[in-house]
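Enquirer: Could you have a look at this structure, given as structure tokens, before my questions?
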């Protein structure tokens, strides 16, 4: 989402979270993965796949505010 903590951390739309704090998330649904992040302010290490796994991304969990409408002209 534009302006989201994930975007600010450098995640791209097709990136996949394959581990949270070293725990394999392969095959888990998105809600299960998000629950592993903890509340806003929590520090987590994400392992991201862009076609091949990386060493991990350190990230602070932050509150996400979703706009109800986004328009483009």
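Enquirer: Could you give the length gained by full extension between residue 50 and residue 8, i.e. 0.36 nm per residue of separation minus their alpha carbon distance, to one decimal place?
Expert: Numbers: separation 42, 0.36 × 42 = 15.12 nm, distance 1.68 nm.
Once the chain is fully extended between residue 50 and residue 8, it gains 13.4 nm.
Enquirer: Determine the shape class of the range 1-50: with a ≥ b ≥ c the square roots of the Cα gyration tensor eigenvalues, call it rounded for a/c under 1.5, and otherwise prolate if a/b is greater than b/c, oblate otherwise.
Expert: It is oblate, given that a/c is not under 1.5 and a/b is not larger than b/c.
Enquirer: Additional query: What is the distance, in nm, between label points placed 7 Å from the Cα along the Cα-to-Cβ direction at residue 42 and at residue 23?
Expert: 0.8
Enquirer: For the pair residue 1 and residue 35, how long in nm is the line joining their label points, each one 7 Å along Cα→Cβ?
Expert: 2.0
Every number here is computed from the coordinates shown, using simple stated rules; none is lab data. It should be emphasised that the depicted structure is a prediction, and the values quoted were computed from it without experimental measurement. Backbone-built Cβ (ideal geometry, glycine too); neighbour counts: all protein chains shown.
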